[in-house]
Amino acid sequence: MPSSSSIARGAKGPTPASETAGPVHLDDITLLSAPAIAELLDVSRSFWLQQVADGKAPPPVIRLPRMTRWRKTSVLAWIDAQASPKELPAAEAGEIPNTGPLRGSHNRVGG
């Protein structure tokens, strides 16, 4: 325990983490709900939850009854990772990928 003389002279204890850490950006601490993510992705809530259940999307950081939340930074990083580098040049050049012969009744001769 510090002596009374050190307290009187203004000696400080350990520096709180909030004083030593750099500035906090809201995106670093923002949490999103499943409906918010579904709206962001323009998909249904059930599709998003299925992606999470299948391990294709990031797991939530908070999972409580009636409150499941994901870090915004994790979701945005996952979205960025979904864009394959192979797909981007063809899409930018306006090319249509060759998917092979069509299958189905419309491909039959004399059918």
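All of the numbers you see were taken from the coordinates with simple rules; none came from a lab. In this text the structure is predicted, and so the values were computed from the model without any measurement.
Quick one: which residues, 5+ away or cross-chain, put their amide H under 5 Å from the amide H of ALA57? H built at 1.01 Å from N.
Hits under the 5 Å cutoff: VAL52.
Using θ = phi - 60° and the Karplus form 6.51 cos²θ - 1.76 cosθ + 1.60, what ³J(HN,Hα) does each residue of the range 58-66 get, whole Hz, x for Gly and Pro?
x, x, x, 8, 10, 9, 10, x, 6
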